[in-house]
Amino acid sequence: AFSLSLPIATWIAVKWFVPLYRATRDVSAYAYLERRFGLWARLYALVFYLLTQLARMGTIFFLVALALERLTGWDLASIIIVTGFLVTIYTMVGGIEAVIWTDAIQSVILTLGALVSLGVVIWAMPGGVGQILDIAANSDKLSLGAFDFSFSSQGFWLVVLYGLFINLQNFGIDQSYIQRYKAARSLQDARRSVWIGALTYIPVSALFLFVGTALFAFYQVNPDLLPTVLAGEDMGDRVFPHFIVDQLPAGLTGLVIAALFAAAMSSADTSMNSSATLLMNDVYVRVINPDLSAHKRIQFLRVVTIVLGALGTMTALLMISIKGALDVWWSLAGIFSGGMLGLFLLGILSRRAQSFEAAVAVVIGVLVIAWASLSPDAEVWWANPLHSFMTIVIGTLTIFLGGVLLSRRRKRMAVQKPPLTLFDLG
C-alpha cells in the first residue's frame with residue numbers, strides 16, 4: 001500500500017518540484033527556504049533533516065547487523081561498528097559522483113541477491129509458487145489491510161496517505177534527492193531519472209515483500225527448520241539471516257552477503273553525503289566562513305562525514321534493545337520530517353505568506369507534532385488517538401494551512417513578492 005502512492009508523488013515532483021530546484025543555483029535544498037522566509041527556516045529544516053538521516057543510518061546499520069550476525073557469528077555491536085566504519089570511509093573518499101554510480105551498481109547486486117533467495121525458496125517448496133500463494137492467502141499475508149477510513153489503526157488508506165506524504169517529503173525537501181536533480185545534465189534528464197527511480201522502486205519493493213511472504217510459507221511447511229526462539233512475531237527481522245545460513249548453498253551465501261552490504265552502502269552513503277553537504281553549505285559556509293576555499297571545503301566534508309558516520313553507528317548501537325526496527329524508523333521519520341514538508345509547501349504555493357506567518361505556523365506545527373508523538377501512551381483525556389503514521393500528515397497540514405490562514409490577514413499592498421513559487425515557473 002505504501003508504494004501505491006509513489007506514482008502520484010512522482011508526478012507532482014516531476015511536474016513542479018524538479019523544475020523549481022533546477023531554476024535555482026543553490027546546492028542546498030534549504031537555501032530556497034532562506035530566500036523565502038529567512039535564515040531561521042533554513043536552519044529549522046536542516047536540523048530536522050539531520051535528525052531524520054541519523055535515524056535512517058542507525059536503522060540501516062542495525063538491520064544489516066541483524067542479517068550478518070547469524071552469518072558471521074559476531075555480536076551485533078561488533079558488526080555495527082565494522083559496517084559503520086567501512087561505509088563511512090567509502091563515502092568519505094567517494095563523494096556525490098561515486099555515490100550516484102555505485103548506488104546504481106549496488107542496487108543491481110541487491111536485487112540479484114533477493115532473486116537468488118526467492119528462487120531457492122520456490123525450489124524448496126513442494127508446490128512451488130502456487131503453494132506459497134495459497135499459504136499466504138490462507139494466513140492473510142496478501143492482504144493490503146482493512147479498507148475502512150480509520151486513522152487510528154494501520155489500514156490500507158492510512159498507509160497510502162502516509163506514503164504520499166513521506167514520498168512528497170522525499171521529493172520536495174530531501175537533500176539527497178535534490179542533489180540528484182542538480183547533478184542531471186538537463187531538466188529532461190532529471191525528470192527521466194525521477195521516473196526511472198520511482199518505477200523501479202515499485203517492483204523491487206514488491207520483490208522484497210514477496211521474499212518475506214515466501215519465507216513465511218517455507219517455514220509453515222517446514223516448521224522444524226525454524227528454531228523456537230525465532231518463531232515469535234517480534235523476531236521477523238532475524239528469520240532471513242537464519243534462512244541464508246541454513247538453506248542457501250555456500251556460493252550463493254556469498255552473493256546474498258554482498259547484497260546485504262550493498263543495501264547498507266547504497267542507503268547510508270546517500271544520507272552521509274547529503275548531510276555533510278548541508279552542514280558545509282548551510283552552516284559552515286553560510287554562517288561561519290563564507291570564503292572557504294575549495295580545498296578546505298573538501299577537507300571539511302571529509303571530517304563531517306566521519307562525524308556523521310560515528311553518530312549513525314552510535315544510533316544503531318542504541319537500537320540493539322529495540323524490537324521492530326523498521327516500525328521505529330517509520331515513526332521517527334514522521335516525527336522528524338513532519339514539519340519540513342508543510343513549510344516547503346507553504347513557500348511554493350502561497351505568494352502571500354511571509355516570514356512571520358511561516359514562523360508562527362511552524363511553532364504551532366511543532367507543538368502539534370510533539371503532542372501527536374508524545375501523548376498516545378499517556379492516560380489523559382487529551383492523548384492522541386491517531387496512529388503514529390498520521391504525525392507527518394497532521395504536522396504538514398497544520399503548518400501549511402496555518403500559514404495560509406495567518407497570511408490572509410496581511411493586506412495585499414504589504415505583501416512582498418517572494419523570490420520563486422510554483423506560479424512563477426510558467
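Overall, the range 2-321 carries a charge dipole of about 1460 debye about its Cα centre when +1 sits on the Cβ of Lys and Arg and -1 on the Cβ of Asp and Glu, all other atoms neutral. Mind listing which trypsin sites (Lys or Arg not before Pro) in the range 1-76 are in a DSSP loop and have 10 or fewer other Cβ atoms within 10 Å? Counting only loop positions with at most 10 other Cβ atoms within 10 Å, the trypsin sites (Lys or Arg not before Pro) in the range 1-76 are Arg25.
Since only Ala190, Ala359, Ile178 are under comparison, the one whose Cα sits farthest along the positive direction of the charge dipole of the chain, derived from C-beta charges on Lys, Arg, Asp and Glu, is Ala359.
Of the trypsin sites (Lys or Arg not before Pro) in the range 172-223, the ones in a loop by DSSP (not H, G, I, E or B) with at most 16 other beta carbons within 10 Å are Arg185. For the range 251-324, trypsin sites (Lys or Arg not before Pro) are listed when DSSP marks them as loop and at most 13 other Cβ atoms sit within 10 Å of their Cβ; the list is Lys323.
Non-local lysine pairs in the chain, meaning eight or more places apart or on different chains, with alpha-carbon distances under 24 Å, amount to 4.
Placing unit charges on each Cβ (+1 for Lys and Arg, -1 for Asp and Glu) gives the chain a dipole about its Cα centre, and among Leu51, Val64, Val211 the Cα reaching farthest toward its positive end belongs to Leu51. Entry note, the chain: the mean residue ellipticity at 222 nm calculated from DSSP H runs of n ≥ 4, each adding -39500 (n - 2.57), is -24000 deg cm²/dmol after division by the residues and rounding to the nearest 500. For Arg302, what charge total do you get from the other residues with a beta carbon under 14 Å from its beta carbon, if Lys and Arg give +1 and Asp and Glu give -1? With Lys, Arg at +1 and Asp, Glu at -1, the net is +1.
Every read-out reported here was derived from the displayed coordinates using simple, explicitly stated rules and does not represent laboratory data. Just so it is clear, the model here is predicted, and its values are computed rather than measured. No Cβ is skipped: glycine too gets one built from the backbone with ideal geometry, and neighbour counts run over all protein chains shown.
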